[in-house]
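As structure tokens, the structure follows; a few thoughts come after it.
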Amino acid sequence: MKLTHTPLRVSIGAFILNSGLGKRSLEGQSAEAVHGMASGAIPQLKQFEPDRFAKLLSRGEIALGAALLNPFVPSLLAGAALTAFGAGLVQLYLKTPGMREPNSLKPSQAGIGLAKDVWLVGAGLTLMLDALTHRRLVR
């Protein structure tokens, strides 16, 4: 990991790790709410029971947060995982009714919390592109 990646990886990694740790005990109605929103945007997620989905989401966030915080995980790999995770959240924003103003990408008041997750895609792509361009310059 490059030293210049440290602030980005630590700040995002700590945030996502904390989010995953907070979801460890999701069950019942809370798990159903998270599962319902996610499966509304990504229908393939309906195959999971809500409690199982919540556990998988928690574990995924914990793993991603830990990977970002671990300096031995290459930035290309951490960036790819972050980009995929962020893209899923952006898809949730784009496909969930009421998150955007009609006929617009502009977020509604309810959608601001999800719309901001586009920065995760940008950060992930930055880590990946920097790792890829750095490899070419070094060769």
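Quick note: the coordinates plus some simple rules give every number you see, no bench work behind them. Quick caveat: nothing in here was measured; it's all calculated off a predicted structure. So basically every Cβ, Gly included, is an ideal-geometry build from the backbone, and we count neighbours across all protein chains shown.
Just a few scattered comments:
- Inter-label distance, nm, simple model (7 Å from Cα along the C-beta direction), residue 76/residue 1: 1.8 nm
- Over the chain, DSSP H runs of length four or greater, each weighted -39,500 (n - 2.57), average out per residue to a 222 nm ellipticity of -23000 deg cm²/dmol.
- With neighbours defined as other Cβ atoms within 10 Å of a residue's Cβ, the residues 134, 35 order from fewest to most as 134, 35.
- If R0 is 22 Å, the Cβ-Cβ spacing of residue 49 and residue 18 corresponds to a FRET efficiency of close to 0.30.
- Counting neighbouring beta carbons within 10 Å and listing from fewest to most, the residues 12, 62 come out as 62, 12.
- Relative contact order computed over the range 13-67 (Cα-Cα under 8 Å; 6+ residues apart), in percent: 60 percent
- The mean sequence distance of close C-alpha pairs (under 8 Å, at least 6 residues apart), as a share of the length of the chain, puts its relative contact order at 26 percent.
- Partner lysines whose Cα lies under 18 Å from the Cα of residue 46, excluding those fewer than 8 positions away in the same chain, are identified as 55, 95.
- Relative to the current alpha-carbon distance between residue 109 and residue 95, full extension at 0.36 nm per residue lengthens the span by 3.5 nm.
- Taking the C-alpha atoms only, the angle from helix 50-69 to the longest principal axis of the chain is near 20 degrees.
- Förster radius 35 Å - calculated FRET efficiency between residue 132 and residue 32 (Cβ-Cβ, nearest 0.05): 0.30
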